[in-house]
Amino acid sequence: MNTMLSLQRLALPLTFAQLAFAANTFVTSLFLSRSSTTALHASLPGSMLAVAVSSLAISSLGYSGTVFADRHGSGDTPGALAAFRSALVLAALSIPYFILAAPFGHALLGVFNTAPEVLAAESAYYDVLLANGYFTMLAAVLGGYFTGQGKTRFVGAVTVFGFLVNMAIVPIFINGLFGVPTNGIRGAGWSATISHIVPCVILAVAIRLHPLECRARQMCRADFRTHLSLGIPNGVRAVIDIGGFFVFAAVLAECEGAAVAASTAAFAVNGIYQALPQGLSQALEIMTARAARENRSALLAPALRLVAIHALAFIAVLSLFGRELLNAFATKGDAAFADGFSATAKTLVLILCAKAVFESAVQVLQAHLRGRGETAAVFRIQCATSLLFWIPLFLAVRAFSPGIPAYWLTMLASSALASAALFLTQSRLPSAPRTPRRP
């Protein structure tokens with residue numbers, strides 16, 4: 001019980017940050033839906049491709065917070081600071097990657113059978129969100145300085161503040177209020193970018209004002225090797241995960257407009273719930289990395305019990321209010337559009353209930369493995385379940401039984417398989433796992 005309470009206390013600020021992110025996504029999608037059907041239609045593929053491309057840098061360098069936690073938790077403060085500085089150097093070196101990603105994304109978006117006006121909106125949104133991706137990555141590196149020390153409250157508060165900024169200014173940028181030119185979906189991208197620049201500034205100032213007191217150690221090759229050897233598998237895993245989801249979203253964009261709108265609404269509602277397992281997973285990863293090696297295995301069971309409680313609560317909310325939540329996204333249209341939206345939403349609510357259980361388990365199990373330094377194991381499972389199972393299944397459904405509910409069921413099956421594979425991997429690990437190497 002004490003472990004559950006400690007984990008929940010550590011997770012609470014991160015959960016609020018994730019809830020703010022989900023609310024931010026909800027608000028942005030809501031204003032885009034009021035802007036135009038084309039903007040809402042294009043928002044998911046454009047944003048998911050930007051997230052997929054950015055995730056290689058975000059997840060690779062974002063793992064620096066776990067490296068910091070491992071070193072700081074064991075008393076190696078000079079090594080933790082050297083790891084932090086080397087992560088900042090790698091962050092600066094990643095700028096060309098984001099620049100070169102623009103033409104790649106345009107070519108990839110053009111592969112799918114979307115209407116010309118939707119493709120133009122997707123490309124515009126994607127371009128701006130690449131800048132947002134860089135500052136998201138930088139905020140993750142800067143925030144790792146504090147989360148690695150177990151100071152999740154400050155990082156959570158800064159993150160929430162950034163999203164509150166976005167929710168305040170996104171209608172101004174989308175609709176052109178107070179003299180700002182109307183920018184539609186591009187304005188939503190710039191609003192999101194500003195909301196990530198703000199936390200970067202606050203975190204950088206806080207680090208400058210409150211440095212860790214210790215004898216300095218110079219960065220060395222081993223610091224960079226640690227980030228690359230442990231971070232890159234984590235980054236590639238994220239690319240496969242989110243990249244597959246981008247393909248999913250892009251194929252959905254080929255479907256009938258009412259069904260696409262219902263699916264986009266389902267993602268927004270699901271994102272609100274996902275704040276709970278995501279915040280818990282981040283806390284579990286930090287706590288596992290900071291714990292003594294012999295105590296790390298004992299953290300998993302309390303985390304799984306907590307996430308089970310979260311999933312059951314979400315299922316109860318969906319059972320009572322699921323259709324009403326999704327119907328809030330229904331844009332004004334004819335009766336056929338309303339009927340199509342309602343029918344798809346009804347099915348997706350049921351799928352969301354089952355999906356919550358397996359997705360939550362996957363996130364917790366992955367986080368525990370990452371905290372133990374087993375990023376390569378998470379990467380192998382992600383490759384197997386996504387490339388060898390989900391993609392063939394998804395393509396088969398697209399060929400023989402296309403439709404948004406059927407596409408969603410392929411994600412549910414993949415999550416169920418991944419959770420089983422991760423649990424089996426956890427059960428086979430030694431009680432004293434390897435940790436990120438220190439120079």
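Note that the stretch 364-434 presents 43 Å² accessible area per residue, ligands and nucleic acids not counted, probe 1.4 Å. Each principal axis of the Cα atoms in the chain has its own extent, and those three values, largest first, are 68, 49, 36 angstrom.
Computed with a 1.4 Å probe over protein heavy atoms only, the accessible area of TYR97 comes to about 80 Å². A cut-off under 14 angstrom between Cβ atoms defines the neighbours of TYR125, and their net charge, with Lys, Arg +1 and Asp, Glu -1, is -2. Computed on protein heavy atoms with a 1.4 Å probe, the accessible areas place LYS151, LYS355 in the order LYS151, LYS355, largest first. Largest accessible area first, the listed residues ASP76, ASP241, ASP70 line up as ASP241, ASP76, ASP70 when surface is computed with a 1.4 Å probe on the assembled protein chains. Comparing ILE58, ILE381, ILE99 in a Gaussian network model of the chain, where Cα atoms under 10 Å apart are tied by springs, the biggest mean-square fluctuation is seen for ILE99.
Simple spin-label estimate for ARG215 and LEU393 gives 5.6 nm between the two label positions (7 Å along the Cα-to-Cβ direction from each Cα). Distance between the modelled labels on ALA204 and VAL89, one decimal in nanometres: 1.9 nm (7 Å Cα→Cβ projection).
Taking ILE194, ILE169, ILE309, ILE351 and ordering them by how much accessible surface each has at a 1.4 Å probe, largest first, produces ILE309, ILE194, ILE169, ILE351.
Based on protein heavy atoms only, the stretch 135-221 ends up with 51 Å² per residue of surface accessible to a 1.4 Å probe. Counting heavy atoms of the protein chains alone, GLU256 has an accessible area of about 100 Å² for a 1.4 Å probe.
Extension gain, VAL317-ARG153: 0.36 nm per intervening residue step, less the Cα-Cα distance, totals 56.3 nm. Between LEU429 and LEU12, the FRET efficiency from the beta-carbon distance, with R0 = 25 Å, is close to 0.35. With the gyration tensor restricted to C-alpha atoms of the stretch 57-208, the semi-axes of the equivalent ellipsoid amount to 33, 20, 11 Å, longest first. Charged side chains reduced to their Cβ positions (Lys and Arg at +1, Asp and Glu at -1) give the chain a dipole of some 1580 debye around its Cα centre. Measuring nothing but protein heavy atoms, the accessible surface of the chain at 1.4 Å probe radius is 68 percent carbon and sulfur.
Shown for the chain are the DSSP H helices of 18 Å or more along their axis, judged by Cα atoms, with a mean Kyte-Doolittle hydropathy of at least 1.6: 152-175.
Only protein heavy atoms count here; under a 1.4 Å probe, VAL201 has an accessible surface of about 80 Å².
Take every Cα pair under 8 Å whose residues are at least 6 apart in sequence, average their separation, divide by the length of the chain, and the relative contact order is 25 percent. Rolling a 1.4 angstrom probe over the protein heavy atoms with all chains in place gives the stretch 1-69 an accessible area of 34 Å² per residue.
Placing a pseudo-label 7 Å from each Cα along the Cα-to-Cβ vector at VAL111 and ALA420 gives an inter-label distance of 2.9 nm.
The values are calculated or read from the model by the stated rules, or taken from the named source; none is laboratory data. Owing to the predicted nature of the structure, the values given are computational and were not obtained by experimental measurement. No Cβ is skipped: glycine too gets one built from the backbone with ideal geometry, and neighbour counts run over all protein chains shown. To get the accessible areas, we keep the full protein, side chains included, count just its heavy atoms, and leave off ligands, DNA and RNA. Shrake-Rupley method; radii C 1.70, N 1.55, O 1.52, S 1.80 Å.
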